[in-house]
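Shown next, in structure tokens, is the structure this report addresses.
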Amino acid sequence: MATTTLIPCGDFKTSYGSDTTIFPTVTSRNFAILGVVLLLAAPAFLDRFWLNQLIQIGYLGIAALGLNILVGFTGQISIGHSAFFGFGAFASAWLNNRWGIPVWACIPLAALMTTAVGMVFGVPAARLKGLYLAIATLAAQYILQDFFARADWFTGGVAGTIAMPLELFGFAFDTDHSYFYVVLVYMVVMYILATNLMRSRDGRALVAVRDHYLSAEIMGINLTKYRTMAFGLSAFYAGMGGALYAHYLQFVSVEGFTILFSIQFLGMIIIGGLGSIMGSLMGTAFMVLLPELMQYLTTALSGTAIDQALNLREAVAFLREMAIGIVIILFLVFEPDGLAHRWKQIKAYWKLYPFSH
Amino acid sequence: MQLLLQLLINGLIVGALYGVVAMSFVLIYKASRIVNFAQGEFLLIGAWTCWWLLTSWQLPFWIGFPITLVFMLVFGVILQVVVLRPMIGEPIISVIMVTIGLSIVFQALMKWMFGVFAKPFPPIFASPTMNVFGLEVQTVYVVSLVISLLIMAGFGWFFKYSRMGLAMRATAWDQQVAQSLGISVRQMFAMSWAISAMVSAVAGVTVGVVNGVSSALSFFGIKVFPAVILGGLDSVIGAVLGGLIVGLLENLAHYVDSQWLNWGNMYEIAPFYVLIAILMVKPYGLFGTKDIERV
């Protein structure tokens, strides 16, 4: 069926360059630009609640994209992503508080520091594959979590640490309305960078490692290099997302970066679609809005027989956790290619509307 | 010295329990090549079921416990048939994620049904502690050590002599050949999950009797990974040894920490450092099958 992008009639590619542009068609490029323009105007119309959701989708989406580069494109499993996300958050706050580096410089620097940490854990990854790797990253998750609780000089220990708001030319981005633009800029830049990476030699090498690492190695792709690189890249994105998170909340506590959060990241890319750039964003949106949906359902059901039988109001925290697990399982069983695939099918349906064959 | 000895005995006993859980983990892995991240939840579910039977229904232990085991047997089969069977042939990440999803669901479900606080088991043994070589040891721990050894011996017998155990080994060796010899591979998969769930529940109940039942039990499922990696993912003997080593090691780390280092939390975290080190040096563990894959 229509799984690849549908190219309009007469739009022939005559060179490899034109076949690997960032946007496959002119229309898709225009729509992407339109989307960004609409988002630019969004703070004028939306209230704080929705802006908050969008900002969350933004910084989590950046981190999820990093995980998708590692899991979806390179085929390496990581169950420790939230630890890297947290490391980025602490690193940015620490750079700012301890060394007085301005926040706008802290965010990329924190991402680089996280990359270094990711590379350290990526070294065993270069030798491992499949489930051994999954277990190694699980260990990384617990070791980093322990480090957060232990390293008072870095994270403030159990008390947590304060992160200053982002300031640029004397203007502080400390409200939802202004910070929205910061996240938007970072998100657009990081997503374009990732798309660019995937149409370059290195990106194709990553995909080759995923599809058949033996063949990839025979073709001259350095497995160790690319596996470590994928780990570094994913940590870079996670650190970036974490830093944005820190300066948005202006407070980082050591408790947040648990294995459940890591699993949520994995859920995002599975729901969105493994190996799909825009899928990462869709999956993140889904995962961020899921608790709201649960809240809505609970409110809608309150007072009914189901509510009285199950005592939903008290159970809502557990229901959210369960929903994450159930959604992951349902997507894996019924829609393993994620929302991105479904979106393509919807597009294909409308393009081919009256004659779908 | 007294403390060290006490800790070593604790380590041996907890290590034996790790060994039992690791063994049931390896059982699933060997039979169906599925890494079960929900192993800890088996302990949790088993312990809560037994607790519920003993407190709400006021059943004596010797009735409640077998009912728990039967329940876990059925639960394992249902889980495999409903959730895991459709995943046969899917890529490894999907299967891993399904078990991770299951683990979240069960953990939240158990918290929802039984609350977040640890609840003590009704007393089962007449005297809570007993004297072993001049050391105070909880009776349950001694019994649990005996149970662990019994389970291990049972596993040994099962795989060596029983018809089903042999069929299971054949399935683990080569599914196609096993199928052509008339072994129902599907049945073996389901049975491996059932036995694994049941044996984990035994461990869960034992820990629950000692420490009370709470969601902390599911951390056993995470601690299993250092043990199985140490022993090699597909070796039953390796799992037992790995469990013992991890149990001793975390208590030793705790001792070293409490005597000299004072870093805190070494008990929890030391196995993971060991895990990383082993993966760097000897990724297939002490007894695991070496997968040679260099070009």
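The values are calculated or read from the model by the stated rules, or taken from the named source; none is laboratory data. Keep in mind it's a predicted model, so treat the numbers as computed, not measured. Cβ placement follows ideal geometry from the backbone for every residue including glycine, while neighbour counts extend to all protein chains displayed.
Scanning segment A:109-123 for any residue that is over 30 Å from residue B:279 (Cα atoms) and either within 14 Å of chain B (Cβ to nearest Cβ) or touching a residue at least 40 places away in the same chain (Cβ under 8 Å) (or both) turns up nothing. Counting residues in segment B:187-203 that are among the polar types (S, T, N, Q), away from chain A (no Cβ under 14 Å), within 30 Å of residue B:117 (Cβ to Cβ) and touching a helix residue (DSSP H, G or I) at 6+ places or on another chain (Cβ under 7 Å) gives one or more. Within segment B:95-124, residues that are more than 7 Å from every other protein chain (Cβ to nearest Cβ) reach partners that are part of a loop (DSSP other than H, G, I, E, B) and loosely packed, with under 15 Cβ neighbours inside 10 Å with beta carbons closer than 9 Å, at six or more positions or on different chains, in the pairs B:95/B:88; B:122/B:58. Report, by residue number, each residue of segment A:80-93 that is in contact with a strand residue (DSSP E or B) (Cβ under 7 Å, 6 or more places away or on another chain) and more than 17 Å from residue A:233 (Cα to Cα). Those that are in contact with a strand residue (DSSP E or B) (Cβ under 7 Å, 6 or more places away or on another chain) and more than 17 Å from residue A:233 (Cα to Cα): A:90, A:93. Exactly one residue out of A:334, A:318, A:286 is under 30 Å from residue B:92 (Cβ atoms), free of Cβ contacts under 8 Å to residues at least 12 places away in the same chain and in contact with a helix residue (DSSP H, G or I) (Cβ under 7 Å, 6 or more places away or on another chain): that is A:318.
Checked against the criterion of being touching a Pro at 6+ places or on another chain (Cβ under 8 Å), in contact (Cβ under 8 Å) with a residue 40 or more places away in the chain and away from chain A (no Cβ under 14 Å), the candidates B:55, B:49, B:68 yield just one match: B:55.
Checking each residue in segment A:142-152 for being closer than 30 Å to residue A:222 by Cβ and more than 9 Å from every other protein chain (Cβ to nearest Cβ) picks out only A:144. Screening the candidates B:205, B:224, B:137, B:199 for the property of being aliphatic (A, V, I, L, M), over 13 Å from the mean Cα position of the chain (by Cα) and not in a loop (DSSP other than H, G, I, E, B) yields one hit, B:137. State all residues of segment A:109-138 that are at pLDDT 80 or above and either of a type in the set (Phe, Trp, Tyr) or at positive phi (or both); if no residue qualifies, say none. Answer for segment A:109-138, where residues must be at pLDDT 80 or above and either of a type in the set (Phe, Trp, Tyr) or at positive phi (or both): just A:121. Within segment B:255-285, the set of residues being of a type in the set (A, V, I, L, M), in contact with a helix residue (DSSP H, G or I) (Cβ under 8 Å, 6 or more places away or on another chain) and at pLDDT below 75 comprises B:266 only. From the set of residues in segment B:286-295 that are in contact with a Leu (Cβ under 7 Å, 6 or more places away or on another chain) and at pLDDT 70 or above, which is farthest from the other protein chains (Cβ to nearest Cβ)? Selected residue: B:286. When each of B:76, B:101 is tested for being small (Gly, Ala, Ser), more than 13 Å from residue B:45 (Cα to Cα) and assigned to a helix (DSSP H, G or I), the lone residue that passes is B:101. Could you list all residues from segment A:203-220 that are surrounded by 15 or more Cβ atoms within 10 Å (Cβ to Cβ) and in contact (Cβ under 8 Å) with a residue 12 or more places away in the chain? Within segment A:203-220, A:203, A:205, A:206, A:207, A:208, A:209, A:210, A:213 meet the criteria. Taking the condition under 18 Å from residue A:114 (Cα atoms), away from every other protein chain (no Cβ under 14 Å) and part of a loop (DSSP other than H, G, I, E, B), does residue A:241 pass? Judged against the criteria, residue A:241 is not a match.
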